[in-house]
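Please treat every number below as a calculation from the coordinates, not as lab data. Just so we're clear, the structure is a prediction, and the values are computed from it rather than from any experiment. Reconstructed Cβ throughout: ideal geometry from the backbone, glycine too, with neighbour counts over all protein chains shown.
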Ligand SMILES: Cc1cc2nc3c(=O)[nH]c(=O)nc-3n(C[C@H](O)[C@H](O)[C@H](O)COP(=O)(O)OP(=O)(O)OC[C@H]3O[C@@H](n4cnc5c(N)ncnc54)[C@H](O)[C@@H]3O)c2cc1C
């Protein structure tokens with residue numbers, strides 16, 4: 001049976017592009033299938049004020065430095081979209097859009113990638129579908145009774161949409177802190193977190209986080225004790241808008257509420273608040289449903305991997321989902337190394353008889 005291409009990369013965000021860069025350098029035959037009509041992956045859908053937590057030079061994919069954004073130390077999401085658009089054109093990456101992969105199936109020695117544009121037969125697959133299209137919302141009693149608005153980080157755009165409203169922001173990570181800071185001036189804001197928010201010191205940004213992730217990777221590679229990587233530093237990067245709101249005393253967190261009422265939320269001590277909108281900044285989960293036909297899911301919904309390679313099927317690599325597919329692999333600067341390892345591993349696999 002003849003494959004249509006040697007390798008199908010699923011997803012044309014930063015991870016798919018980094019994979020494409022290394023596959024091209026190795027002279028391999030591949031195609032990138034991306035569900036979005038336009039370049040930029042998840043960065044196209046970021047809220048208006050989102051800025052990177054690292055300067056441009058520390059937010060680059062392999063081969064090409066991200067240029068600085070005039071007047072901004074920390075580039076905005078639109079700048080990242082421009083960079084990714086330029087990147088895929090510069091390296092002439094073979095991307096097909098919009099093509100949505102519906103499922104990856106066994107097909108004898110090959111893998112059959114079923115899409116809304118017909119099937120592709122391939123000898124190997126790199127899945128790089130990110131997390132953005134699978135927002136996570138925790139189960140909280142009464143959530144369906146609440147008559148106000150509820151939205152996730154993925155749907156949030158701007159404080160203009162909530163001016164003068166009573167808004168609860170849920171989540172003590174970077175998204176929660178940034179969106180709370182965004183809303184702090186024009187809304188009646190309540191920021192709730194499961195534990196006291198931890199702000200990194202003001203001189204720490206994404207560069208230090210990446211250094212911590214690199215130190216962790218080295219420690220693990222050399223069989224030393226896990227340094228804990230990014231998590232060991234604390235949580236929230238004090239990017240300028242977060243710092244300003246915090247210093248103005250506007251970022252005081254309350255404990256998480258315990259249930260919804262019809263018109264608001266209620267805490268365990270019986271205190272209630274009426275609210276107009278709840279914004280869930282509670283993270284994302286990896287988008288893996290297209291791989292279900294292969295039956296490879298392990299614990300916690302992840303597919304067990306060694307580096308990026310699926311333990312149970314060496315034809316499948318998973319790229320960019322988080323630390324379980326390589327330290328810092330879900331960042332612009334961090335995805336380059338696992339992408340290179342995946343490309344090399346597949347090249348070696350394809351050479352085998
Ligand atoms: C709020 C927030 C802030 C962040 N800030 C930073 C930062 O400052 N610096 C940094 O380095 N990182 C940051 N990140 C992390 C990371 O860089 C992004 O999450 C990044 O978008 C991940 O890239 P990706 O290519 O893996 O996934 P995505 O960008 O989500 O791209 C995946 C692509 O796959 C496509 N796709 C999905 N399913 C299918 C399918 N079935 N068939 C075909 N195509 C499909 C999607 O449409 C999308 O185009 C941030 C993340 C978040 C959520």
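Of 106, 222, how do they rank once you tally other Cβ atoms within 10 Å and put the fewest first? Walk me through the intermediate numbers first.
Working: 106 13, 222 7.
Fewest-to-most ranking of 106, 222: 222, 106.
Taking the chain, how much of its Cα-Cα pair set, in percent, is spaced more than 37 angstrom apart? Of all Cα-Cα pairs in the chain, 24 percent lie more than 37 Å apart. Calculated on the alpha-carbon coordinates, the convex hull of the stretch 88-202 measures out at 241 cubic angstrom per residue.
Here the translational diffusion coefficient of the stretch 250-347 follows from Stokes-Einstein with Rh set to the Kirkwood radius across Cα pairs; for 4 °C and 1.567 mPa s it amounts to 77 µm²/s.
Axis angle, to the nearest 10 degrees, between helix 174-183 and the longest C-alpha principal axis of the chain: 40 degrees. Within the stretch 157-219, the proportion of C-alpha pairs whose separation exceeds 20 Å stands at 43%. The relative contact order of the stretch 36-124, computed from alpha carbon pairs under 8 Å that lie at least 6 residues apart in sequence, is 23 percent. As a proxy for reagent exposure, ranking 175, 15, 292 by other Cβ atoms within 10 Å from fewest up yields 292, 175, 15. A simple spin-label model places pseudo-atoms 7 Å from Cα toward Cβ; at residue 201 and residue 151 they are separated by 3.8 nm. Shape analysis of the stretch 29-88 places it in the oblate category; the axes a ≥ b ≥ c from the Cα gyration tensor give an a/c of at least 1.5, with a/b not above b/c.
The mean sequence separation of alpha-carbon pairs under 8 Å and at least six residues apart, normalised by the residue count of the chain, gives a relative contact order of 22 percent.
Taking every C-alpha pair closer than 8 Å and separated by at least 6 residues, the mean separation divided by the residue count of the stretch 259-353 gives a relative contact order of 13 percent.
Give the angle, between 0 and 90 degrees and rounded to the nearest 10, that separates the Cα long axis of helix 14-25 from the longest principal axis of the Cα atoms of the chain. Orientation of helix 14-25: about 20 degrees from the principal axis. Count the DSSP beta bridges whose two residues both fall in the chain, then state the antiparallel fraction as a percent rounded to the nearest 5. Taking every DSSP beta bridge with both residues in the chain, the antiparallel ones total about 40 percent.
The ranking of 285, 309 from fewest to most other beta carbons within 10 Å of each one's beta carbon is 285, 309.
How large is Rg/Rh for the stretch 308-353, to two decimals, with Cα atoms and a Kirkwood Rh? It would help to have the intermediate numbers written out before the result.
On the way: Rg = 10.9 Å, Rh = 10.8 Å.
Taking Rh as the inverse mean 1/r over Cα pairs, Rg/Rh reads 1.01.
When a/c is below 1.5 the answer is rounded, else prolate if a/b is larger than b/c, else oblate, so apply that to the stretch 1-152 with a ≥ b ≥ c taken from the square roots of the Cα gyration tensor eigenvalues.
It is oblate, given that a/c is not under 1.5 and a/b is not larger than b/c.
DSSP assigns beta bridges within the stretch 1-131; of those with both partners inside it, close to 50 percent run antiparallel.
Between the helical axis of 77-90 and the longest alpha-carbon principal axis of the chain there is an angle of about 10 degrees.
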